[in-house]
Amino acid sequence: ALNETMQAAVAAGFGIPSQWDALQGGRVNRVFLAQVPSGRLVFKFFDTKRSNLLFPNDIDGEERALAVLSDTQLAPRLRGRFDTKAGPCLVYDYVEGAVAKRTTVQAINALSKLHAQAPTRGLRALDGSPSALIEQGLRFLASDTSDRAAFLTANVPAVSPVPDAKVCFLHGDPTPANTVMRPEGGVTFVDWQCPAIGDPVHDLAIALSPA
């Protein structure tokens, strides 16, 4: 018998899958790899109730990003979207390759290519000014009752304003886990549920984070 997610894929017109495997790594949404008549596709079912300040779980943002980047190989090719009882679902091509274990020169070069793309409309805008970053940090610390949080809150640095950076197309979470190294040597980023526009330092900081 077809399970609920498989039934949703069939009802959306993708055919009966001969393969339907849950993909590992997604912390928020349920993601499946399917072999359907048109090829190997990823079906990503969004949990729209799960999101946070730094990493929104935005299906509309991911759909916009994939739509504009589908021909660049920086993102998977978008194949469709449909609504189900299991949550809204995005469908895109499966990207062959290995998930990166660390941030590489190739990944940074791919981010540079992304940042050179014209941003699509409708994405959230990130404010990288010192005052905005301090305000964000204080919002995180407000729910932390540790002595370290109290010390940081009482010792907020005074930072001079910096010039505005060029606004770029951002992935939003370009960690190694979201970076696929394709067999021919190219790089494709996956998990585009928190794209944005803003200073490229936002992407670079996350890509280079030890986390």
- Log entry, pairs with first residue in segment 65-76 being touching a residue at least 60 places away in the same chain (Cβ under 8 Å), second being open to solvent by 20 Å² or more (accessible area, probe 1.4 Å) and among the aromatic types (Phe, Trp, Tyr), beta carbons closer than 9 Å, six or more apart or on different chains, reads Pro76/Tyr94
- Given (1) free of Cβ contacts under 8 Å to residues at least 12 places away in the same chain; (2) touching a His at 6+ places or on another chain (Cβ under 7 Å), number of the condition Leu126 does not satisfy: (1)
- Query: So Ser112 fits all but one of (1) under 13 Å from the mean Cα position of the chain (by Cα); (2) at pLDDT 95 or above; (3) not aliphatic (A, V, I, L, M); what number is the exception?
  - Reply: (1)
- How many residues, within segment 159-190, are assigned to a loop (DSSP other than H, G, I, E, B), in contact with a helix residue (DSSP H, G or I) (Cβ under 9 Å, 6 or more places away or on another chain) and open to solvent by 40 Å² or more (accessible area, probe 1.4 Å)? 7
- Identify all residues within segment 177-198 that are touching a strand residue (DSSP E or B) at 6+ places or on another chain (Cβ under 7 Å) and not hydroxyl-bearing (Ser, Thr, Tyr); write none if there are none. Ala177, Asn178, Val180, Met181, Arg182, Val187, Phe189, Val190, Pro195, Ala196, Ile197, Gly198
- Every residue from segment 71-94 that is hydroxyl-bearing (Ser, Thr, Tyr) and open to solvent by 20 Å² or more (accessible area, probe 1.4 Å): Thr72, Thr84, Tyr94
- Considering only residues of segment 191-203 that are modelled with pLDDT under 95 and assigned to a helix (DSSP H, G or I), which is farthest from Phe55 (Cα to Cα)? Val201
- Query: If you take the residues in segment 128-149 that are of a type in the set (D, E, K, R) and in a helix (DSSP H, G or I), which one is farthest from Asp164 (Cα to Cα)?
  - Reply: Asp147
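The values are calculated or read from the model by the stated rules, or taken from the named source; none is laboratory data. Computed from a prediction, not measured in an experiment: that's the story for all the values here. Ideal geometry is used to build each Cβ from the backbone, glycine not excepted, and the neighbour counts take in all protein chains shown. Accessible surface areas use protein heavy atoms only, side chains included; no ligands, DNA or RNA. Shrake-Rupley method; radii C 1.70, N 1.55, O 1.52, S 1.80 Å.
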